[in-house]
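The values are calculated or read from the model by the stated rules, or taken from the named source; none is laboratory data. Model, not experiment: these values are computed from the prediction. Cβ sites come from the backbone with ideal geometry, for glycine too, and all protein chains shown count toward neighbours.
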Amino acid sequence: MAEFKQKAFGLAATDTSGVLSPFHFSRSTYHYVNVKINRDRENGDDDVTIKILYCGVCHSDLHSVKNDWGLTQYPIVPGHEISGVVTKIGNNVEKFKVGDRVGVGVLVNSCRTCDVCQQDLESYCPKMIFTYNSTDKDGTTTYGGYSDTVIVDQHFVLRFPENVPSDAGAPLLCAGITVYSPMKYYGMTEAGKHLGVAGLGGLGHVAVKLGKAFGLKVTVISTSPRKKEEAINKLGADAFVVSTDAADLTAATGTMDFIIDTIAAVHSLAPLLSLLKMNGKLVTVGLPDKPLDLPIFPLVSGRKMIGGSDFGGIKETQEMLDFCGKHGIAADIELIRADEINAAMERLAKSDVRYRFVIDIGNSISNL
Amino acid sequence: MAKSHETEHPVKAFGLAATDSSGHLSPFQFSRRATGDEDVQFKVLYCGICHSDLHYLKNEWGISQYPLVPGHEIVGVVTEVGKKVEKVKVGDKVGVGCMVGSCRSCESCKDDLENYCPKIIPTYSAPYSDGTITYGGYSDIMVADEHFIVRIPENMPLDSAAPLLCAGITTYSPMRYFGLDKPGMHIGVVGLGGLGHVAVKFAKAFGAKVTVISTSPNKKEEALSNLGADSFLISKNDDEMQGAMGTMDGIVDTVSAYHPLMPLIGLLKAHGKLIMLGAPDKPLDLPIFPLLAGRKMISGSGIGGMKETQEMIDFAAKHNIKADIELISADYVNTALERLAKADVKYRFVIDVANTLKQA
């Protein structure tokens, strides 16, 4: 493994059991093509070094440590909902100064020159580089935020607004943008319209809060009746439909303008499509590992649409953070210590969390 | 006592009907309602044969009402108009497509999208507001509410205009609605039949580059030389499909048989749109990763509202767009339906009703 000057310490999984254990490594400082690797430099000209304070635990982290998608290179240090403070800036960095509260999300680089990159849509760049488990431009493997330090090109660093807390704001960097981006792109922001949120987990609960901030009527669609009370009283949802209850479904048939489908498991699209009005839109952001059954008749007879969205570009991620700051939106989190991560992953696999675990890196990583 | 088909209405009519799900058509005496204040009555000149006619004749969707007179690509000349009719006069050329009634008051109807009205009344095999069953255009005379009549411009040949009333609007409407009508776009058309060939013509008229995607290599030459498509992909040829990955702004899929969606999603550029027009009776597999990774979209569309059907006809007249038809006589219709079941037609049969549909 390559050795660089900036040492780092974190948690890595080494096989498909997905169990995370202490891991010493170092941070590469070069993120551009055609630049020779200089192992003695601590921080590149365009880089920002961040002391990590918090990192959200995303369901994708769980998929990745267990190699559910077949793409994992071990050892893997997950974590792409990173928040912390700037400790060093490179010579070309003007956007940030030491001490700023910042975050890093799902991407740490992209080609920067293609059509989509030019349009601030880095998440659709065919050469995008993920915060973890990707091969960076200098040939090194990227390691994520379950660690004490990260070095990132300034373009991919987000500023935390005043009133977005570092702990509860961390999940916004993936969960937040993943629902915000399609809600904007597919026009789900018209006040007074009716939004369904399918799945009430990390993504779903943020979608409810954003939906209310956009002035929408929000109905949560879930298989778990026990989530109803919180959905309505705590998260502010207007209604709750149990998707396995035929009577609930019938009563809500043809009532929704849009649905954001955050469900990560394989599930049936037919009941969700039935809840849409004519010309309604269903956007899917969950990542089941097998194809879903798509009935075509409702699409043809109701001109209904199914769209996908991955996360979002950097400009839009910053816009989302600023929006959350303005509307006082943050994730509902359960703060855990670094040594509790494996137990947290097991609970996450059973959806036993309200609604995102966040690792208190700053206070617990060095105690491992 | 129930009235017979011949006497339930005052105006005598003659057509071809199936009496059971064998779908075999034979001569049928029936009757049409008197021309109401808002009705237009016309002598049928031509009627296109749509694949939906075949589905209905054989009761494949379980909703057929027998005796069944199909036909919803109907063109003719006005013989009588009701007192309140202003749109057309006697002698005008008109057409009727897939619907003859809707509630006229719901959101869809108010948006000129009668085709999405939950109370839509199809042109044939459906209960009409007077309690009788609707009969379609495989018949000598037709009467319909003025709202559901389209005017056919003078310079448009009537026989090749008939298929536009279903195939035409079914392809035109989604290309407009989903913004797949901008010059310079690259549009794919899956399936080269009644809908597909018209889709190619509209897309070319919009200024698009058009690629036909088909399982039949023998359609290639015609697609390129006759229909004006720019290129042709054989969907089962992996190399050809790979080479075209990520190149299309939109794809119009006219195939109703079960087929894989993944290769089609792969052909789309990022933010591309796949529009389903054929409705397979079983769900298709929807792979999620490719949809998300490119922020792509799948939707469907069914016919179109009356306002846009008129707009489509006027557009076709202006751009000289006609269906490619095989004109047949009424006594050939059962054979034509058998050939249609095997997709053996370039690309729509049209019945020469006025000249060949005669009582024995």
Q.
Restricting to the range B:257-277, and then to whatever is facing another protein chain (nearest Cβ under 8 Å) and buried (at least 18 other Cβ atoms within 10 Å of the Cβ), can you tell me which residue is nearest to the chain's Cα centre (by Cα)?
A. B:Leu277
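Which of the residues that make up the range B:98-149 are within 14 Å of chain A (Cβ to nearest Cβ) and of a type outside the set (A, V, I, L, M, F, W, C)? Quick ask: steps written out before the conclusion?
Initial filter on the range B:98-149 (within 14 Å of chain A (Cβ to nearest Cβ)): B:98-99, B:102-103, B:106-120, B:122.
If the condition is that a residue be within 14 Å of chain A (Cβ to nearest Cβ) and of a type outside the set (A, V, I, L, M, F, W, C), then B:Ser102, B:Glu107, B:Ser108, B:Lys110, B:Asp111, B:Asp112, B:Glu114, B:Asn115, B:Tyr116, B:Pro118, B:Lys119, B:Pro122 are the ones that fit.
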Q. Restricting attention to the range B:161-197, which residues are in a helix (DSSP H, G or I), more than 12 Å from B:Ile313 (Cβ to Cβ) and more than 14 Å from chain A (Cβ to nearest Cβ)?
A. B:Ala167, B:Gly194, B:Gly196, B:His197
Q: Go through the range B:291-323 residue by residue and tally those that are within 14 Å of another protein chain (Cβ to nearest Cβ) and either in contact with a Gly (Cβ under 6 Å, 6 or more places away or on another chain) or assigned to a loop (DSSP other than H, G, I, E, B) (or both).
A: 11
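How many residues, within the range B:62-101, are touching a residue at least 24 places away in the same chain (Cβ under 8 Å) and out of contact with any Ser or Thr (no Cβ under 8 Å at 6 or more places or on another chain)?
Our first condition is that a residue be touching a residue at least 24 places away in the same chain (Cβ under 8 Å); within the range B:62-101, this holds for B:63-88, B:92-101.
Remaining after also requiring out of contact with any Ser or Thr (no Cβ under 8 Å at 6 or more places or on another chain): B:73, B:75-79, B:83-88, B:92-95.
Here the count works out to 16.
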Q. Looking only at the range A:97-111, which residues are at pLDDT 95 or above and either surrounded by fewer than 20 Cβ atoms within 10 Å (Cβ to Cβ) or closer than 21 Å to A:Ile333 by Cβ (or both)?
A. A:Lys97, A:Val98, A:Gly99, A:Asp100, A:Arg101, A:Val102, A:Gly103, A:Val104, A:Gly105, A:Val106
Q: For the range A:116-167, enumerate the residues that are within 24 Å of A:Ser21 (Cα to Cα) and in a loop (DSSP other than H, G, I, E, B).
A: A:Thr131, A:Tyr132, A:Asn133, A:Ser134, A:Asp136, A:Thr140, A:Thr142, A:Tyr143, A:Gly144, A:Gly145, A:Tyr146, A:Asp148
Q.
Of everything in the range A:110-128, what is of a type in the set (A, V, I, L, M, F, W, C) and away from every other protein chain (no Cβ under 13 Å)? Give them in sequence order.
A. A:Cys111
Q.
Test of understanding: among A:Leu269, A:Leu273, A:Leu282, which residue is facing another protein chain (nearest Cβ under 9 Å) and either free of Cβ contacts under 8 Å to residues at least 40 places away in the same chain or within 19 Å of the chain's Cα centre (by Cα) (or both)?
A. A:Leu269
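Within the range A:244-266, how many residues are acidic (Asp, Glu) and more than 29 Å from the chain's Cα centre (by Cα)?
Going residue by residue through the range A:244-266, those that are acidic (Asp, Glu) are A:245, A:248, A:257, A:261.
After this cut, where a residue has to be more than 29 Å from the chain's Cα centre (by Cα) as well, the list is A:245, A:248.
Total meeting the criteria: 2.
Can A:Gly196 be described as touching a residue at least 60 places away in the same chain (Cβ under 8 Å) and part of a strand (DSSP E or B)? Don't jump to the end; show me each part of the working.
Values: touching a residue at least 60 places away in the same chain (Cβ under 8 Å): yes; part of a strand (DSSP E or B): yes.
When the stated conditions are applied, A:Gly196 passes them.
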Q: Take the range A:308-323 and flag every residue that is over 12 Å from A:Cys174 (Cβ atoms), within 10 Å of chain B (Cβ to nearest Cβ) and either modelled with pLDDT of 95 or more or touching a Gly at 6+ places or on another chain (Cβ under 9 Å) (or both).
A: A:Gly308
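Each row is one residue, and each column tells you yes or no for (1) among the acidic types (Asp, Glu); (2) crowded, with 18+ Cβ neighbours inside 10 Å; (3) touching a Phe, Trp or Tyr at 6+ places or on another chain (Cβ under 9 Å).
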position	(1), (2), (3)
A:Glu190	yes, no, yes
A:Ala207	no, yes, yes
A:Lys217	no, yes, no
A:Ser224	no, no, no
Q) Identify, please: which residue in the range B:278-290 is more than 7 Å from every other protein chain (Cβ to nearest Cβ) and crowded, with 17+ Cβ neighbours inside 10 Å and is, among those, farthest from B:Met262 (Cα to Cα)? A) B:Gly278
Q: Could you check how many residues of the range B:2-30 are in a loop (DSSP other than H, G, I, E, B), touching a helix residue (DSSP H, G or I) at 6+ places or on another chain (Cβ under 9 Å) and in contact (Cβ under 8 Å) with a residue 40 or more places away in the chain?
A: 3
Q) Quick one: would you say A:Leu210 is in contact (Cβ under 8 Å) with a residue 12 or more places away in the chain, part of a helix (DSSP H, G or I) and of a type outside the set (Asp, Glu)? A) yes
Q) Within the set of pairs 6 or more residues apart or between chains, which connect a residue that is within 7 Å of chain B (Cβ to nearest Cβ) inside the range A:285-303 to a residue that is acidic (Asp, Glu) with Cβ atoms less than 6 Å apart? A) A:Pro291/B:Asp285
Q.
What's the number of the only condition in (1) part of a loop (DSSP other than H, G, I, E, B); (2) under 27 Å from B:Gln359 (Cα atoms); (3) polar (S, T, N, Q) that B:Asn155 fails to meet?
A. (2)
Q: Considering each residue of the range A:244-266, count those that are surrounded by 18 or more Cβ atoms within 10 Å (Cβ to Cβ), among the aliphatic types (A, V, I, L, M) and within 11 Å of chain B (Cβ to nearest Cβ), and give that number.
A: 2
Q: Starting from the range A:90-101, take each residue that is over 10 Å from A:Val48 (Cβ atoms) and list its partners that are part of a loop (DSSP other than H, G, I, E, B), counting only C-beta distances under 7 angstrom and pairs at least six apart or across chains.
A: A:Asn91/A:Asp45; A:Asn92/A:Asp45; A:Asn92/A:Asp46; A:Arg101/A:Phe160
Q | Among (1) surrounded by fewer than 20 Cβ atoms within 10 Å (Cβ to Cβ); (2) modelled with pLDDT under 95 - the single one B:Thr247 does not satisfy | A | (2)
